Amino acid sequence: MSTGGEPDQRGPVLFLVFLLLAGFLLIAWGLGRDEANGEPVPPSVERGGAPPPTEVETPADDASAPAPTTRPTDPRPATLPDGGTRVFGGHHVLVAYYGTAQTGAMGVLGETDPDTMDARLHRAAAPFRRPGQPVRHVYELIVTIADASAGPDGDYSHDIPRAEVERYVRAAHRNHALLLLDIQPGRSPFPDVVKRWAWALRDPWVGLALDPEWRMGPHQVPAHTVGQVSAREVNRTSWWLARLTRAQGLPEKLFVLHQFRTDMVARIAQVKSRPGLAMVQHVDGFGTPRQKLATYHAVARPRQFTMGFKLFYDEDVHRMGAPQVRAVRPTVRFVSFQ
């Protein structure tokens with residue numbers, strides 16, 4: 001009811017309220033319909049913004065993609081044990097113990113626990129130290145081992161447990177040594193196997209060794225034949241490792257190619273030198289000093305690689321000592337004991 005002759009305003013107000021309420025209900029009904037059809041409206045679109053960007057996932061084994069660091073808060077600088085960035089930069093000689101974890105059957109490295117092994121390595125390396133030529137200590141750990149049987153994946157090799165590799169990574173840092181991951185791939189290409197160890201190779205003190213003796217062809221079986229790798233496969237592997245090293249801002253990495261016959265590396269002259277990698281040809285022949293030197297001179301390519309030489313505790317006859325190894329020409333800069 002109106003008073004004082006004034007017109008009643010309630011009708012128009014109630015009509016506006018009704019229109020607003022109806023509009024709200026229509027909007028709510030439309031949104032609910034979208035959701036019922038399985039098409040919920042993204043929050044950014046509701047707010048008038050652009051849809052969220054789509055993330056493209058990069059394959060973890062893509063060599064073209066920089067691998068993320070495993071320790072983003074690692075306080076250690078990306079240098080080698082002495083603070084440098086070049087493996088042979090201080091005229092170093094490298095001395096290594098070779099083998100695998102938890103067994104001495106494949107070399108001296110696994111005969112004892114890592115710290116006891118390190119003490120033995122220091123004693124073996126001491127005669128190789130000379131004024132102006134310091135020694136770096138190296139643990140060469142076989143992490144992929146060739147097998148006489150195919151195994152579940154048919155590649156005639158298996159990886160040792162990750163926990164064992166982590167154990168040697170910790171020991172290397174504790175004892176200021178380099179760790180070298182040795183690969184015996186069976187029938188798998190080296191790059192395929194090496195990428196499985198990317199998590200360890202991101203460590204600034206961890207390098208890589210390829211053992212072509214155990215790179216089998218499609219119908220070959222380890223220990224029944226001596227394997228072979230092509231220069232192209234070596235180059236694919238070194239390219240991947242050099243790219244990872246650069247992407248992670250790491251110091252130079254040790255990259256070792258084992259060999260004791262000329263046919264173990266096909267077209268070796270085509271193996272490329274890679275920035276960021278210290279390329280070593282490691283000659284592994286055993287026997288008398290004369291036999292070992294004959295093997296060395298047959299395969300050595302000192303203009304292409306830094307040279308390495310292996311000494312065997314059991315297979316060598318009259319094992320060569322440090323003075324004899326230092327006298328070898330071309331000069332040896334990396335000596336390992338098996």
Exactly one of 283, 299, 226, 271 is more than 30 Å from residue 84 (Cα to Cα), crowded, with 17+ Cβ neighbours inside 10 Å, more than 16 Å from the chain's Cα centre (by Cα) and hydrophobic (A, V, I, L, M, F, W, C), and that residue is 299
Residue 115 vs (1) assigned to a loop (DSSP other than H, G, I, E, B); (2) over 22 Å from residue 325 (Cβ atoms): all pass except (1)
Per the list (1) under 26 Å from the mean Cα position of the chain (by Cα); (2) at positive phi; (3) free of Cβ contacts under 8 Å to residues at least 60 places away in the same chain, residue check on residue 234 breaks on (2)
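Might you let me know whether the stretch 232-240 holds any residue that is more than 23 Å from residue 268 (Cβ to Cβ) and crowded, with 23+ Cβ neighbours inside 10 Å?
Initial filter on the stretch 232-240 (more than 23 Å from residue 268 (Cβ to Cβ)): none.
No, the stretch 232-240 contains no residue that is more than 23 Å from residue 268 (Cβ to Cβ) and crowded, with 23+ Cβ neighbours inside 10 Å.
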Among the residues of the stretch 89-112, which ones are out of contact with any Pro (no Cβ under 8 Å at 6 or more places or on another chain), part of a loop (DSSP other than H, G, I, E, B), surrounded by fewer than 15 Cβ atoms within 10 Å (Cβ to Cβ) and on the phi < 0 side of the Ramachandran plot?
-> 89, 104, 105, 112
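Taking the stretch 143-164, which residues are outside any loop (DSSP other than H, G, I, E, B) and without any contact (Cβ under 8 Å) to a residue 60 or more places away in the chain?
Initial filter on the stretch 143-164 (outside any loop (DSSP other than H, G, I, E, B)): 143-146, 157-159, 162-164.
If the condition is that a residue be outside any loop (DSSP other than H, G, I, E, B) and without any contact (Cβ under 8 Å) to a residue 60 or more places away in the chain, then 143, 144, 145, 158, 159, 162, 163 are the ones that fit.
Give the residue, chosen from 244, 257, that is assigned to a helix (DSSP H, G or I), among the hydrophobic types (A, V, I, L, M, F, W, C) and buried (at least 21 other Cβ atoms within 10 Å of the Cβ). If you could, list the steps in order and put the result at the bottom.
Values: 257 fails: assigned to a helix (DSSP H, G or I).
Result of the check over 244, 257: 244.
Read-outs throughout are calculated quantities, based only on the coordinates presented, and are distinct from any laboratory measurement. The structure presented is a predicted model; accordingly, all values stated were derived computationally and were not measured. Virtual Cβ from ideal backbone geometry, glycine too; neighbours counted across all protein chains shown.
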